[in-house]
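The values are calculated or read from the model by the stated rules, or taken from the named source; none is laboratory data. Note that the structure is a prediction, hence the values are computed from the model and not measured. We place every Cβ from the backbone using ideal geometry, glycine too, and count neighbours over all the protein chains shown. Note: accessible area is taken over every heavy atom of the protein model, side chains too, but ligands, DNA and RNA are not part of it. Shrake-Rupley method; radii C 1.70, N 1.55, O 1.52, S 1.80 Å.
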There are 2 protein chains.
Amino acid sequence: MDIRDFFIWVNISVEERRRSLKLFTVGPVACYPEVLEAMGLQMYSHRSKEYFALHYETIRQLQDFISTKNEIFLFSSTGTGFMEASVRNCVRKKILCCINGSFGERFAEVAEANGRDVLKLAPPLGEPISTSELNEMLTNHPDVEAVAITHNETSVGLINPLKDLVDVVKKHGKLVFVDAVSSMGGTEIKVDESNIDVCFSSSQKCFGVPPGLGIGSVSERAMDLSASASNKGWYFDFKVWEEDQKKGRGTPVTPAIPQITGLNTALKMIERKGGRNWYFDLYKQRNQRIRRGIEKLGLSTFPRKGSESPTVNCINTPEGIEGATIYGKMREKGFELAEGYGLLKKKTFRIGNMGYIEMSDIDLMLDALGNVISSL
Amino acid sequence: MDIRDFFIWVNISVEERRRSLKLFTVGPVACYPEVLEAMGLQMYSHRSKEYFALHYETIRQLQDFISTKNEIFLFSSTGTGFMEASVRNCVRKKILCCINGSFGERFAEVAEANGRDVLKLAPPLGEPISTSELNEMLTNHPDVEAVAITHNETSVGLINPLKDLVDVVKKHGKLVFVDAVSSMGGTEIKVDESNIDVCFSSSQKCFGVPPGLGIGSVSERAMDLSASASNKGWYFDFKVWEEDQKKGRGTPVTPAIPQITGLNTALKMIERKGGRNWYFDLYKQRNQRIRRGIEKLGLSTFPRKGSESPTVNCINTPEGIEGATIYGKMREKGFELAEGYGLLKKKTFRIGNMGYIEMSDIDLMLDALGNVISSL
């Protein structure tokens, strides 16, 4: 049996495939048709002038998009590669990890796996990181070298007040690493204005591109620390990546050309349709349409009011119903949502609004959700 | 300007694109049309039953292909990720790196960047690793824990006598890591029979799939060493990958779904057309057709006779001509070869025979090469 027989969208066009199962996922999200078309282009040498044109144009697009003059690397890895890289290149001994859920936990786990001391600032689930608690922690622990912040914590559907938190870190003169995996593209990030040292994301979230590409900006200060770091490994060594990029050779390892072509295509599409502010506004509209819809159904969102993520809604299940039940029933109706994650696995389910989603899809999804909820 | 305008194959079908520029590359190689079609499929959750079906089926296909019962991991990285992984998980202090060219050098560089002591066995360029020298080196350095061997050194077009070399390493009871990036798929490798601890490759070579996926088998002994390794990092921790894979959860980070789908498709195509031995024979035929053709043109290959790679020919340029000149003129005629690499950059050029290449393409390429050579 061919694996593609599993898919209900086999042997139909991209557009028809999407119609057959509408994705409101938080992992790989639905990709834009022109991105998928770009993914299927024939390959060519990554040392050719065509690749270099694609590479440096994509870097410039991203620098514009997140307002930075910092070097941006296109890692052949997921976003997690940048967690490992940040720790290995820039932290000698101690890091403070702000934890709002599973991906904050992962950053701490990565730092510990690399032999660093990890201090944790972990408010109750659903609460954002508090600037005053962060300030207090940094005051009490002057040996902390860097602070890791999850901008948008997908697992609980929460966004942190990034600029305010980064300001606190900078007041203490520390480095700051921002996991922007599920926020970059979905809400504004101004890297240079905020003075973020490492700001990273992945292809498969708000850009609506398949997974397999890590995207991250690295400040000069982080670069300088990398230059004097020992035992930092090779694959994620910022200096190795910088050298090839600055010499016009692109990447030290073979780049994920399809995903980079897809990202380049997505960024051009955003530009053509109205630019990044138009895109951020689209995310807000989608997100609010979903939130208003679920409120009408009598459901509530998990995080503290005002801290709801603009890219994913984490929704409390009705009393006595498990998230997996709703996920399963929605899939039967042709909508792929996301189950709860980590500690919230049973008591929540999630509806992402990242990637290729039309407003009309949202209305159809909400209708279906209403039917599912009332049938329980 | 759209980046795709750079390509002479823009707005034409995959098949037409291939006709417009025939690839004899050694980096990303020409991909099979059905693989490219699979690359453009819509995404879906990597925690869905469809992904798990794809994932575990692909693992089984690969286990059959390289004759192993070892765990096989699908890293969201290039093949180089497995160099870093092998060193970090399995080597405490000292590794012996066998070096035939640039990719052997890279393995040593990766080991050094991870703080390990590196002993080097580096015969003159063009010579294979000698079993007797390897034996002598291991006898003189009993503290070596592992040996790294580049099976097929792309940079000089040379293949090593893998089984004989692994036998020597195993006689000394050491671990063996095999960089099979440009050999896996192009010639037979029997992992369990040879007792190879880590055997890794990439999607973008002999399988004819785009870049962005690392493929590697890991022995139980390597796994046991990983279990007790310290400071091994997280991203490439074999135990982290094993845990998710054994629990039926696939991968710890988001997998490169398009490339995995492409690889699954390529392996099915090989099976359908005659199986792995048919595929290895095809490589041999392509390779020899190219070698005979260049010999007819009065050109010679670089490596020692009998050690020529079955997947890429490294060819000495005619006296006084640089490799880049031939590369450039061939491109003008619609054929992308590969320039020389590293120390051989000026004095050689290379013709790969990996991926989607027809015998008739080879004849056309050789005709064009004849015209280029006689015009110089």
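Observations on the structure shown:
- B:ASP143 satisfies every condition listed in (1) within 14 Å of chain A (Cβ to nearest Cβ); (2) over 30 Å from B:PHE302 (Cα atoms); (3) not aliphatic (A, V, I, L, M) except (1).
- Scanning the range A:241-252 turns up no residue that is farther than 30 Å from A:ALA38 by Cα, open to solvent by less than 10 Å² (accessible area, probe 1.4 Å) and under 24 Å from the mean Cα position of the chain (by Cα).
- Restricting attention to the range B:317-376 and to residues that are of a type in the set (Val, Ile, Thr) and touching a strand residue (DSSP E or B) at 6+ places or on another chain (Cβ under 7 Å), the residue that is surrounded by the most Cβ atoms within 10 Å (Cβ to Cβ) turns out to be B:ILE351.
- Scanning the range A:41-55 for residues that are open to solvent by 10 Å² or more (accessible area, probe 1.4 Å), small (Gly, Ala, Ser) and in a loop (DSSP other than H, G, I, E, B) gives a single hit, A:SER45.
- Qualifying residue in the range B:204-225 (condition: free of Cβ contacts under 8 Å to residues at least 40 places away in the same chain and either within 13 Å of chain A (Cβ to nearest Cβ) or more than 30 Å from B:ARG92 (Cβ to Cβ) (or both)): no
- Answer residue from the range B:1-24, given it is more than 7 Å from every other protein chain (Cβ to nearest Cβ) and in a helix (DSSP H, G or I) and is modelled with the highest pLDDT among those: B:SER20
- Look at the range B:312-340: where a residue is under 18 Å from B:VAL29 (Cα atoms) and a partner is among the polar types (S, T, N, Q) and not in a loop (DSSP other than H, G, I, E, B), sitting 6+ places away or on another chain with Cβ atoms under 6 Å, you get B:ASN313/B:THR301; B:CYS314/B:THR348; B:GLY340/B:THR348.
- Considering the range B:59-73, and only residues there that are within 19 Å of B:GLY186 (Cα to Cα) and touching a strand residue (DSSP E or B) at 6+ places or on another chain (Cβ under 7 Å), the residue that is most open to solvent (accessible area, probe 1.4 Å) turns out to be B:GLN63.
- Pairing residues of the range A:25-52 that are more than 7 Å from chain B (Cβ to nearest Cβ) with residues that are surrounded by fewer than 23 Cβ atoms within 10 Å (Cβ to Cβ) and among the charged types (D, E, K, R), at Cβ distances under 7 Å and at least 6 apart in sequence or on separate chains, gives A:PRO33/A:GLU15.
Matching residues to (1) closer than 30 Å to A:GLU339 by Cα; (2) out of contact with any strand residue (DSSP E or B) (no Cβ under 6 Å at 6 or more places or on another chain):
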| position | (1), (2) |
| --- | --- |
| A:ASN140 | no, yes |
| A:VAL156 | yes, no |
| A:VAL168 | no, yes |
| A:VAL176 | no, no |
| A:LYS190 | no, yes |
| A:SER194 | no, yes |
| A:GLN204 | yes, yes |
| A:VAL209 | yes, yes |
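- Of the numbered criteria (1) away from chain B (no Cβ under 14 Å); (2) surrounded by fewer than 24 Cβ atoms within 10 Å (Cβ to Cβ), the one A:VAL178 fails is (2).
- None of B:TYR283, B:TYR279 is in contact (Cβ under 8 Å) with a residue 40 or more places away in the chain, buried (at least 22 other Cβ atoms within 10 Å of the Cβ) and of a type outside the set (S, T, N, Q) except B:TYR279.
- Check on B:ARG272, closer than 24 Å to B:LEU21 by Cα, open to solvent by 30 Å² or more (accessible area, probe 1.4 Å), free of Cβ contacts under 8 Å to residues at least 12 places away in the same chain and among the charged types (D, E, K, R): no
- Qualifying residue in the range A:82-98 (condition: surrounded by fewer than 21 Cβ atoms within 10 Å (Cβ to Cβ), modelled with pLDDT of 95 or more and out of contact with any strand residue (DSSP E or B) (no Cβ under 8 Å at 6 or more places or on another chain)): yes
- Entry remark, the range A:190-202: residues being more than 9 Å from chain B (Cβ to nearest Cβ) and under 14 Å from the mean Cα position of the chain (by Cα) number 4 in total.
- Exclusive hit being within 13 Å of chain B (Cβ to nearest Cβ), in a strand (DSSP E or B) and in contact (Cβ under 8 Å) with a residue 24 or more places away in the chain, set A:LEU96, A:LEU74: A:LEU74
- Of the criteria (1) in a helix (DSSP H, G or I); (2) open to solvent by 10 Å² or more (accessible area, probe 1.4 Å); (3) of a type outside the set (Ser, Thr, Tyr); (4) modelled with pLDDT under 95, which one A:LEU36 fails: (2)
- When B:GLY298 is tested against (1) more than 21 Å from B:GLU153 (Cβ to Cβ); (2) modelled with pLDDT under 95, exactly one condition is not met: (2).
- Test: residue in the range A:113-133 that is in contact with a His (Cβ under 7 Å, 6 or more places away or on another chain) and modelled with pLDDT of 95 or more: yes
- Condition met for B:GLY115 (on the phi > 0 side of the Ramachandran plot, outside any strand (DSSP E or B), of a type in the set (Gly, Ala, Ser) and open to solvent by 10 Å² or more (accessible area, probe 1.4 Å)): yes
- The criterion of at least 2 residues that are over 30 Å from A:GLN63 (Cα atoms) is met by the following helices (runs of 4 or more DSSP H) wholly inside the range A:257-340: A:275-296, A:323-332.
- Tally of residues being open to solvent by 40 Å² or more (accessible area, probe 1.4 Å) and in contact (Cβ under 8 Å) with a residue 60 or more places away in the chain across the range B:121-160: 2
- With respect to (1) touching a residue at least 40 places away in the same chain (Cβ under 8 Å); (2) buried (at least 24 other Cβ atoms within 10 Å of the Cβ), the lone exception for A:VAL110 is condition (1).
- Close pairs (7 angstrom Cβ cut-off, 6 or more residues apart or separate chains): at the interface with chain A (Cβ under 7 Å from one of its Cβ atoms) in the range B:233-258, modelled with pLDDT of 95 or more and open to solvent by 20 Å² or more (accessible area, probe 1.4 Å) anywhere: B:GLY233/A:ALA113; B:TRP234/A:GLU109; B:TRP234/A:ALA113; B:TRP234/B:VAL240; B:ASP237/A:ALA113
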